[in-house]
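Novice: The structure under discussion is supplied below as structure tokens; questions concerning it will follow.
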Ligand SMILES: [Fe+2]
């Protein structure tokens, strides 16, 4: 019987540090660097349980690859939400879909008061010289990449510190600038695009007022434009102030509103277009670029927000419930005629899409997207294969094995390569039968195994991570 729920959605076995993990196969000699992963380290505190895949207390993982060997370490993010939970044995901070148990009169709302969760468990990025654990609140946490020790909340300038942010900043490597989208909930709410310089200095690119803000987990960016995809999943800000429900449950699906796409000039901050298209929902923008007068963006789309509901732990535990169908789609916007066209890039059920971001972000000439997917013949209740999509030839390759559950695939390119997919895919895989995880190293070109690295314990399902060529 599958133990996926027990292994992947409960609690990490502990904090460990191992050198020279057992390797099967051969790790390419050129592959030297460190993969960091972020995600929940526990879904329980004392007798209390978080409710949703996007809840839990953050844990960092580190895989350092050198000379064909791999070392591994993991640590909880030592944030206030973690410290207080450990001290009291109870959930103390509101998360995505879980509030601390409090009497109605004692209810405190995390977004409007000072108890904003700092359990930044969704992504990892290096911004300037800082290694940051990123969450959807603006409380993001710096960590030491050598020890995984928590260094404290990162002190952004006030103009960044709005109520929520995306966990997917966009990088313009030619400018050495990072862009982010933050949202403030208020009587007059607004979206704000900011640009972060390597020294942490923040410039406000532009603001868009909004009466009922939408929930957005990412945004698009092309060479000239910032792309705000306002799905019709919106909140009345007052309902956050008088919170009766956990954060995400205040947002309502209003498909009649359609999806509003706002295009902002990255230089001037001027809104150059505001267009409507059919209602849809997405977590992840993939890439965006311009071709003449056309602005193009790729995105992992869903017909509605059923995907959020499917990630409640009681649904994931229920063998009868299935993860809803999504797709990989491309929107083409003619900036002159303001016409939008949508085309399907893949009808495979994909999530956590990645590509060679370093070389091809903002570049329409990219060909390959890597993602986790659902094997249609062998459904197992969670993402159970890795997929490589060739978006030019409309073909795909899969990596599938019975009873294993892959995490986000990260592409690492071979130095001085000529071919886009000359490199490897790194993915942390939960092995249901072995009751532990392993690091998979796939040849990105052929999508076949080069090596696996055994981890002596299971790693809970996480979300995102990052690879750096630095060794830690
Ligand atoms: Fe994400």
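Readers should treat all values here as calculations from the given coordinates under stated rules, not as data from a laboratory. Model, not experiment: these values are computed from the prediction. Positions of Cβ are backbone-derived with ideal geometry, glycine not excepted, and every protein chain shown enters the neighbour counts.
Novice: So the label point goes 7 Å from the Cα of residue 392 along Cα→C-beta, right? Which residues of region 399-442 then have their backbone N under 11 Å from it?
Specialist: 419-421
Novice: Okay, moving on. Among rounded, prolate and oblate, which fits region 225-334 when a ≥ b ≥ c are the square roots of the eigenvalues of its C-alpha gyration tensor, a/c under 1.5 means rounded, and a/b larger than b/c means prolate?
Specialist: Note, shape of region 225-334 comes out oblate.
Novice: Does region 323-427 come out rounded, prolate or oblate, given a ≥ b ≥ c as the square roots of the eigenvalues of its C-alpha gyration tensor, rounded meaning a/c under 1.5 and, failing that, prolate meaning a/b above b/c?
Specialist: On the way: a/c = 2.50, a/b = 1.22, b/c = 2.04.
It comes out oblate by the Cα gyration axes.
Novice: Which part of region 288-317 falls in the paramagnetic zone of residue 253, meaning amide N under 19 Å from the point 7 Å along Cα-to-beta-carbon?
Specialist: Those under the cut-off are 300-317.
Novice: Round to the nearest 0.05 the FRET efficiency obtained for residue 270 and residue 403 when R0 = 51 Å and r is the Cβ-Cβ distance.
Specialist: 0.45
Novice: On to the next question. Under a point spin-label approximation (7 Å from Cα along Cα-to-Cβ), what is the residue 84-residue 130 distance to one decimal in nm?
Specialist: 2.1
Novice: What distance in nm separates the two pseudo spin-label positions at residue 278 and residue 19, each 7 Å out from Cα along the beta-carbon direction?
Specialist: It works out to 5.8 nm between the two label points.
Novice: For 53, 335, what's the fewest-to-most ordering of other Cβ within 10 Å of each Cβ?
Specialist: 335, 53
Novice: In whole Å, what is the distance between the alpha-carbon centres of region 19-61 and region 184-199?
Specialist: What the calculation gives is 30 Å, centre to centre.
Novice: Between residue 310 and residue 204, 0.36 nm times their residue separation minus their Cα-Cα distance comes to what?
Specialist: Details: separation 106, 0.36 × 106 = 38.16 nm, distance 3.58 nm.
Contour length minus the Cα-Cα distance gives 34.6 nm.
Novice: Which of 342, 177, 264 comes first, and how do the rest follow, when ranked by fewest Cβ neighbours within 10 Å?
Specialist: 342, 177, 264
Novice: Tell me whether region 119-202 comes out rounded, prolate or oblate; compute the Cα gyration tensor, take square roots of the eigenvalues as a ≥ b ≥ c, and use a/c under 1.5 as the rounded threshold.
Specialist: oblate
Novice: Related question: Calculate, in nm to one decimal, what residue 367 and residue 224 gain on full extension: separation in residues at 0.36 nm each, minus their alpha carbon distance. It would help to have the intermediate numbers written out before the result.
Specialist: Working: separation 143, 0.36 × 143 = 51.48 nm, distance 2.11 nm.
Fully extending the segment from residue 367 to residue 224 adds 49.4 nm.
Novice: Using Cα pairs under 8 angstrom and six or more residues apart, how large is the relative contact order of the chain, in percent?
Specialist: 15
Novice: Now for a separate question. Under the 0.36 nm per residue contour assumption, what length would be gained going from the current alpha-carbon distance of residue 376 and residue 44 to full extension?
Specialist: So the extension gain works out to 116.4 nm.
Novice: If you average the alpha carbon positions of region 392-443 and of region 373-388, how far apart do those two centres end up, in angstrom?
Specialist: 13
Novice: Sticking with this one: Reported to two decimal places, what Rg/Rh ratio describes the chain when computed on Cα atoms with Rh from the Kirkwood expression?
Specialist: 0.93
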